[in-house]
1. Among the numbered criteria (1) surrounded by 15 or more Cβ atoms within 10 Å (Cβ to Cβ); (2) under 30 Å from residue 137 (Cα atoms); (3) touching a helix residue (DSSP H, G or I) at 6+ places or on another chain (Cβ under 8 Å), which single criterion is violated by residue 250?
2. Checking the conditions here, which among 237, 243 is under 22 Å from residue 140 (Cα atoms) and either in a strand (DSSP E or B) or more than 26 Å from the chain's Cα centre (by Cα) (or both)?
3. So which residues in the stretch 223-241 are buried (at least 16 other Cβ atoms within 10 Å of the Cβ) and within 23 Å of residue 210 (Cα to Cα), if there are any at all?
4. Yes or no: the stretch 300-310 includes at least one residue that is closer than 29 Å to residue 197 by Cα and either assigned by TED's automatic domain parsing to the domain that holds residue 191 or part of a helix (DSSP H, G or I) (or both).
5. Tell me, yes or no, whether the stretch 264-281 has at least one residue that is in the same structural domain as residue 234 (by TED's automatic domain parsing), in contact (Cβ under 8 Å) with a residue 12 or more places away in the chain and closer than 26 Å to residue 79 by Cβ.
6. Restrict the check to the stretch 262-278 and report whether at least one residue is under 33 Å from the mean Cα position of the chain (by Cα), in a loop (DSSP other than H, G, I, E, B), surrounded by 13 or more Cβ atoms within 10 Å (Cβ to Cβ) and modelled with pLDDT under 95.
7. Which condition number in (1) in contact with a helix residue (DSSP H, G or I) (Cβ under 7 Å, 6 or more places away or on another chain); (2) part of a helix (DSSP H, G or I) is the one that residue 296 fails?
8. State the number of residues belonging to the stretch 332-347 that are closer than 30 Å to residue 90 by Cα and buried (at least 24 other Cβ atoms within 10 Å of the Cβ).
């Protein structure tokens with residue numbers, strides 16, 4: 001892979017940083033130890049400004065170029081997932097129930113690698129702002145950074161991010177202009193009846209048949225309420241009711257996620273889900289309440305910046321696809337792209353376990369390519 005020579009020379013350092021972070025996973029906004037590690041490395045590199053405590057535990061480093069100019073932003077996420085690790089790696093998680101199963105340890109290491117190179121060479125005009133954010137997996141740390149004014153505070157004019165991609169050939173890059181990743185909504189449907197003895201169900205108002213009927217009816221929102229050409233996913237992922245075999249419970253709960261690329265579809269789903277829950281509950285003599293939470297918006301790449309980023313990727317990656325298909329995954333980098341033009345790109349991990357699986361581990365071999373791409377984006381966007 002044609003990575004920048006200087007970056008390739010400290011590939012072992014990036015692997016060491018990544019494995020240090022991997023062994024010490026943190027969740028949500030509680031990424032304080034990871035943030036401290038990041039800030040220490042930035043100090044070692046001679047980064048000009050280091051700002052900590054942004055979005056609770058986020059870090060922003062600023063590197064001054066060789067002459068005045070605009071500011072470009074590069075972002076990495078730091079948080080892990082509540083999963084028990086099953087990689088068997090020597091650097092596996094030391095914290096039960098937590099692991100880096102989405103490559104954020106690698107994203108952080110790659111941005112640190114780009115920071116080291118850019119602080120050494122400074123072959124660019126203006127400034128680069130390095131955003132290390134918490135809570136991508138849950139909580140929308142990227143959105144909190146935007147709400148706290150990070151774009152204005154650091155004068156960021158455009159912004160870019162990478163994400164590892166299992167299944168994409170090792171070191172290859174994929175992106176697309178316009179909508180790329182779906183919006184993310186979650187729902188909880190609370191069904192309330194009246195519990196009692198399982199031997200006398202006629203004296204109860206059993207919420208379970210209603211919950212089952214609601215769960216069976218929800219997929220019709222996708223199949224019968226919108227054109228088949230509109231990409232949308234509705235997944236029922238949890239059903240909870242009861243605690244033992246001889247008690248009819250008083251309540252049941254259904255939970256899941258909805259993904260789409262159209263704001264009007266989000267309106268449709270919320271309306272129909274409420275109607276289905278209320279109607280099915282009434283049919284069984286119980287009540288139902290829908291809690292529908294709109295989380296991350298659609299991630300939409302700026303067309304001009306995406307073409308630029310794909311062209312830069314051609315310099316360092318063995319293969320680039322600039323018309324990758326849309327994906328139903330979500331990303332809180334969407335908030336940053338809503339605030340500033342830029343692009344989100346996938347970096348091929350090669351074959352192996354998928355994201356959010358307990359045996360996933362970031363491929364350190366691709367880190368020099370990712371760090372080189374991030375560095376080149378700065379040098380090509382703001383040349384001397």
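The values are calculated or read from the model by the stated rules, or taken from the named source; none is laboratory data. For clarity, every value in this text was computed on a predicted model and none was experimentally measured. Positions of Cβ are backbone-derived with ideal geometry, glycine not excepted, and every protein chain shown enters the neighbour counts.
1. Among (1) surrounded by 15 or more Cβ atoms within 10 Å (Cβ to Cβ); (2) under 30 Å from residue 137 (Cα atoms); (3) touching a helix residue (DSSP H, G or I) at 6+ places or on another chain (Cβ under 8 Å), the lone unmet condition for residue 250 is (2).
2. 237
3. 234, 236, 239, 241, listed by residue number.
4. Scanning the stretch 300-310 turns up no residue that is closer than 29 Å to residue 197 by Cα and either assigned by TED's automatic domain parsing to the domain that holds residue 191 or part of a helix (DSSP H, G or I) (or both).
5. Yes, the stretch 264-281 has at least one match.
6. yes
7. (2)
8. Result for the stretch 332-347: 2.
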